[in-house]
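The values are calculated or read from the model by the stated rules, or taken from the named source; none is laboratory data. Model, not experiment: these values are computed from the prediction. Heads up, the Cβs are rebuilt from the backbone with ideal geometry, glycines too, and the neighbour counts pull from every protein chain shown.
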Amino acid sequence: MSSMRPSFFMPVVLLALAACSSPAPIRTATVVDLERFMGDWYVIATIPTFIEMNAYNAMESYRLAGDGIVATTFSFREGGFEGEHKTYRPTGYVLDRESNAIWGMQFIWPIQADYRIIFVDDSYSQTVIGRTARDYVWLMARTPQLSEADYQRFLRLIADEGYDVSKVRKVPQRWN
């Protein structure tokens, strides 16, 4: 009977280890030129956080504030184009100085949320930001609209990184 214990427990142990495993690392941009990345980005689509569930005209703005620190302003209209204007000012911290693609984003001290630049195009006009947990994602551009072909291409990129794209929603953008 004692010889059966290892064969019985081995599948249980393997199952437990598999359940505890973390998701595969998310791919990031090879190198991000921080100075070129700074500025205004329109949020085109997202798997939204609770803050963004009903956001219109969402925009993220970045400014270098010193040694690996990125002053961030996230603003949007709540519930409609004429809705209440909301602004949040988290602080970004560049964690991977080789690529500049992995940041911590701090809304509340001392917690830094995972923030990864998955993709940025050569002209720094389109980007995708994600998280290893694959719970949130942001597709952003320097203009408030993307072509449908570009949008579909980014949905494929997001799906390839392990996201459930059925959760992605476009953010209404209308600027005068």
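Of note:
- Flag for Arg63 being over 20 Å from Trp175 (Cα atoms) and part of a loop (DSSP other than H, G, I, E, B): no
- Taking region 110-121 as the range and being out of contact with any helix residue (DSSP H, G or I) (no Cβ under 9 Å at 6 or more places or on another chain) and in a strand (DSSP E or B) as the test, the residues that pass are Ile111, Gln112, Ala113, Asp114, Tyr115, Arg116.
- Leading residue by the ranking (surrounded by the fewest Cβ atoms within 10 Å (Cβ to Cβ)) among those in region 54-73 that are closer than 21 Å to Phe154 by Cβ and out of contact with any helix residue (DSSP H, G or I) (no Cβ under 8 Å at 6 or more places or on another chain): Ser61
- Subset of region 77-105 that is part of a strand (DSSP E or B) and of a type in the set (Gly, Ala, Ser) - its residue that is surrounded by the fewest Cβ atoms within 10 Å (Cβ to Cβ): Gly104
- Of all positions in region 76-95, none carries a residue that is in contact with a helix residue (DSSP H, G or I) (Cβ under 7 Å, 6 or more places away or on another chain), under 18 Å from Val31 (Cβ atoms) and not hydrophobic (A, V, I, L, M, F, W, C).
- One residue stands out in region 122-154 among those that are in contact (Cβ under 8 Å) with a residue 40 or more places away in the chain and part of a helix (DSSP H, G or I): the one that is nearest to Asp33 (Cα to Cα), namely Phe154.
- Contacts under 6 angstrom Cβ, first residue in region 156-169 being within 12 Å of Leu139 (Cβ to Cβ), partner of a type in the set (Gly, Ala, Ser) and in a helix (DSSP H, G or I), 6 or more apart: Val165/Ala159
- Summed over region 133-165, the residues that are of a type in the set (Lys, Arg) and on the phi > 0 side of the Ramachandran plot give a count of 1.
- Hey, Ala45 assigned to a loop (DSSP other than H, G, I, E, B), modelled with pLDDT of 90 or more and surrounded by 12 or more Cβ atoms within 10 Å (Cβ to Cβ) or not: no
- Single match in Ala133, Ala113 (criterion: at pLDDT below 95, surrounded by 14 or more Cβ atoms within 10 Å (Cβ to Cβ), of a type outside the set (D, E, K, R) and under 22 Å from Pro25 (Cβ atoms)): Ala113
- Residue within region 155-165 that is assigned to a helix (DSSP H, G or I) and among the small types (Gly, Ala, Ser) present: yes
- Residues in region 13-33 include none that are among the hydrophobic types (A, V, I, L, M, F, W, C), in a strand (DSSP E or B) and modelled with pLDDT of 95 or more.
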